[in-house]
Each structure stands twice: as structure tokens, then as C-alpha cells.
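Report on the structure given below.
Just so it is clear, none of the values below were taken in a lab; they were calculated from the coordinates. Everything quoted here is computed from the prediction, not taken from an experiment. Counting neighbours? That spans all protein chains shown, and the Cβs are built from the backbone with ideal geometry, glycine included.
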Amino acid sequence: MKGSRWVLVLVILAIVGVLIARETTRTRPTRQPELRAQVPENQNVPDPVASPETPSRAENPGAGAASSPPESRSAVPSKESPSAARETGRSSGSLIPQPAEARPAPEEKPEGPLPGSELADCLKSGRPTMADFGKGWCIPCKQMVPVLKQAAQDYWGKANIVFVDMEEYVDLAGQYRIALMPTQIFFDAKGEEVTRHMGYMDGPEIDRQLRAFGVKR
């Protein structure tokens, strides 16, 4: 009797196991097919970037020969300015000749002394400079007018002759501590003050001072 019970239990367990396996198989989701099928090696793949209107290279074999390579398509002439183009050619070592930049015209011979606004540039010019500080209404300053005009013409291109109107360039008069007018200050080629003279100064005296710098008419 005991043996038949165990056999009955085993049969029941076997039936239950078969039912569970069948139910599991029925409820298991079916495997969906791959969305993207593998393409055989010998089949051409269409270019995904190509638009429908433009045939791909595989469909039109002559398109690759007619179109330019990527390097030539990217080398589009830029709309940069001529000066920027010259800088680019100069930095890249290009052998393409560039147009020469326009040079300023030679300075014309002045009719009189330079204004005080150009004193700073004159001190950097590499030439000796004589600066006359005065005012238009003082008598010695009026007497200096023809002397300065003649000196500016005689020493053009060799030395700088500057007239500083103390009423117009008050800051320069204070910078150089002008106590008496007119006052002439002589600067060397480096722009350093060498000597000064207070009062009227005639042409020969100006010549003597400039000869000390090695400057002759």
C-alpha cells in the first residue's frame, strides 16, 4: 500500500510539472525579429546622408569622378580684406606676390617751424631738435619769428625746429618749467635735453648750437 502511494504521488507531481512547463511556454513572449537585417558583404549600402533627389555614389558610378574631393570643396575663397589676406600669406610663407603697401609721400619742406603738437614726435625722430617756447604778443618772441622760419628751412631733414606757443600748450610749458620767454631748449638725437637759452637768439647762435650736435646747413 505504501509503495502504491508513492507511485501515485510521483505521477501527480509529473503531471503538475508538465502543466507548469506548458503554461510557461504559452505565456513566454515570442522573440521579435531584428529591426535591421544584416546586409550581405557584396551588397552596396545606400548613403544615409544622400537626399532622395540626389543619387548615391553606388547608383551613379560617374558621380565620384565628376565631384571634387573634400579638400577642394573646403578650400573656398574667403571674403577677407586685402590686408588680412596679406597677413595670412606672410604668416604661411606663401610665394604668391602681394601688392606693395602704399608709402607716405616725402615730407615737404616747411615754410616755418613745426607746432608744439609735434614736439613729442620730433624727440623720437633720431634728429636733434630745437624747441622755442614763447607767446605771440611778447616783443622778443615776435623778433624770433623770422629767425625760426629761416632755421626751419635751412635745417630741413637735418634738425627739427619747433615753436611751442605757451598759451596753447600750457602743459608743455609746465613740463619743461619755462620761467622766461622766449626760451630755447636744444635736444640731442636721443631726445635728451642738452642745453637751454633764455631770451632772444639770433641765427648764428642757433647755427653754433646745432653744429655742436654735428648738424650743418
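Scanning the stretch 149-172 for residues that are closer than 15 Å to Pro110 by Cβ and in contact with a strand residue (DSSP E or B) (Cβ under 7 Å, 6 or more places away or on another chain) turns up Ala151, Ala152, Tyr155, Ala159, Asn160, Ile161, Val162, Phe163. Out of Lys124, Lys135, Lys142, one residue alone is under 38 Å from the mean Cα position of the chain (by Cα) and of a type in the set (D, E, K, R). It is Lys124.
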